[in-house]
């Protein structure tokens, strides 16, 4: 087998196209700082959101669906502020996919509308 030169300038006898992680003899910098994916999205907003939730909860009336929806939206804002981008992606790729597959299956089933109850996701 003839010796070949890889992308890193070293002859290794293999033309597999793999580099050794070095650029000009120095380790490559990561393309993205991983700390971004592991840090809360907006920690600074949390105290204000907690105050909003508290005020909306005290004013909650069982007959006022608009107030309930406003409280629900503030609670979701709090979750989004606290969760990390990694957690958000896990939620989107696993939890919501499962919900969509269940609703898709229910909508394709041969049941009558009275037999199937599908509640739309409001996330």
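Observations on the model:
- Modelled FRET efficiency - R0 41 Å, residue 36 with residue 61, Cβ distances, 0.05 increments: 0.50
- Fewest-first sequence of 42, 77 by Cβ atoms within 10 Å of each Cβ: 42, 77
- When only Cα pairs below 8 angstrom with a gap of at least 6 residues are kept, segment 39-83 shows a relative contact order of 61 percent.
- Label positions at residue 68 and residue 29, each projected 7 Å from the Cα along the C-beta direction, are separated by 5.2 nm.
- The radius of gyration of the Cα set in segment 39-83, together with its Dmax, comes out at 11.2, 39 angstrom.
Every read-out reported here was derived from the displayed coordinates using simple, explicitly stated rules and does not represent laboratory data. Since the structure is predicted, the reported quantities are computational estimates derived from the model, not experimental observations. Neighbour counts run over all protein chains shown; Cβ positions are idealised from the backbone, glycine included.
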